[in-house]
1. For Asp84, all conditions in the list (1) under 27 Å from Leu114 (Cα atoms); (2) buried (at least 16 other Cβ atoms within 10 Å of the Cβ) hold save one; what is the number of the exception?
2. Test Glu195 against the criterion of being within 22 Å of the chain's Cα centre (by Cα) and assigned to a helix (DSSP H, G or I), and give yes or no.
3. Can you pull out the residues in the stretch 2-38 that are under 18 Å from the mean Cα position of the chain (by Cα) and closer than 17 Å to Arg86 by Cβ?
4. Taking the residues in the stretch 152-206 that are under 19 Å from Phe33 (Cβ atoms) and of a type in the set (S, T, N, Q) as candidates, determine which candidate is most open to solvent (accessible area, probe 1.4 Å).
5. Within the stretch 27-126, considering only strands (runs of 3 or more DSSP E) that don't extend past its boundaries, which have at least 1 residues that are within 24 Å of Lys215 (Cα to Cα), touching a Leu at 6+ places or on another chain (Cβ under 8 Å) and touching a residue at least 40 places away in the same chain (Cβ under 8 Å)?
6. Kindly indicate whether Glu160 is among the acidic types (Asp, Glu), in a helix (DSSP H, G or I) and at pLDDT 90 or above.
7. For the stretch 127-144, how many residues meet the condition of being part of a helix (DSSP H, G or I) and either at pLDDT 85 or above or closer than 20 Å to Glu76 by Cβ (or both)?
8. Condition check: touching a Lys or Arg at 6+ places or on another chain (Cβ under 8 Å) and open to solvent by less than 90 Å² (accessible area, probe 1.4 Å). Does Val225 satisfy that?
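The values are calculated or read from the model by the stated rules, or taken from the named source; none is laboratory data. Worth saying up front: this structure is predicted, and the values here are computed from it rather than measured. For neighbour counting, all protein chains shown are included, and Cβ atoms are generated from backbone atoms with ideal geometry for every residue, glycine included. Note: areas computed on protein heavy atoms with side chains; ligands, DNA, RNA excluded. Shrake-Rupley method; radii C 1.70, N 1.55, O 1.52, S 1.80 Å.
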Amino acid sequence: MKQFKEIFKEWHKEFPVLSKYTDRTLYMRINPFIIGLRFSKHWFGGDDYRLSLEFVPLWEANPKQFGKSTRHRDLEDKKGGQFDIRYGVHDYYFAEALACAKVQFGKVLKDEVLIGDLMESIVETIRPWETKHNPVNWIPVFHLQLALGIYFNKQDFLEEIKGGIEREIKYWTPEELSYWWGIVSIDEWRERIYEPFKDREKFMETIEMNSQRPKVKKLNVGTIVGIDNYHYDSKKSRLDNLRSLFNKR
């Protein structure tokens, strides 16, 4: 049976743009994010692993919170199920798992990443079977999207993102927000969505500061491209297309 270190090296070989960050993560730095792969142990223990795509914000100012992912997507098999792999059968399933990872994650794990592919991957962290308008899922998605708009300082892009936020907020109720966060006012919640991004200068300074952390500084660096010609249509997202296909099964 292969040891995890050998398995980790095999995956790293297939995604050379990523750098080792910890014993269980392969990351790259890309503009306002750290993005990459995490190899998690099964919740109930055992000799298997689970692969996930993670988004880690570089604008996190709290040292105790820095390095935590805000959204992730677990690798799925061809039927849409969670792709957990036992160490003992890694060699048998690796080719299939790799093919799935290339399709699901590969478009954002390269030197140059199209802004459209990145936006799709962020929204795709909300899976089709999850509750459609759950603020628990959408809040970190909005933060990731807003971070891109603020980072590139593209006002039309920002307005498109804000339009999507306002459309989604209409589905939330004070009771729902109170249950999760103790917030009873929609206006108060709207304020909290935008709060981390009010001061662009501070936002950019924090990204630069965190980029200079020794472990972060060692990561390979990618670039987001295509921002000038990109327009975000939140009215009909790829998530809606995925959900419609899932519902037809």
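1. (1)
2. yes
3. Arg24
4. Step by step, filter the stretch 152-206, then rank; the result is Asn153.
5. 33-41, 48-57, 71-74
6. Considered against the rule, which asks whether it is among the acidic types (Asp, Glu), in a helix (DSSP H, G or I) and at pLDDT 90 or above, Glu160 comes out as yes.
7. Qualifying residue count for the region: 8.
8. no
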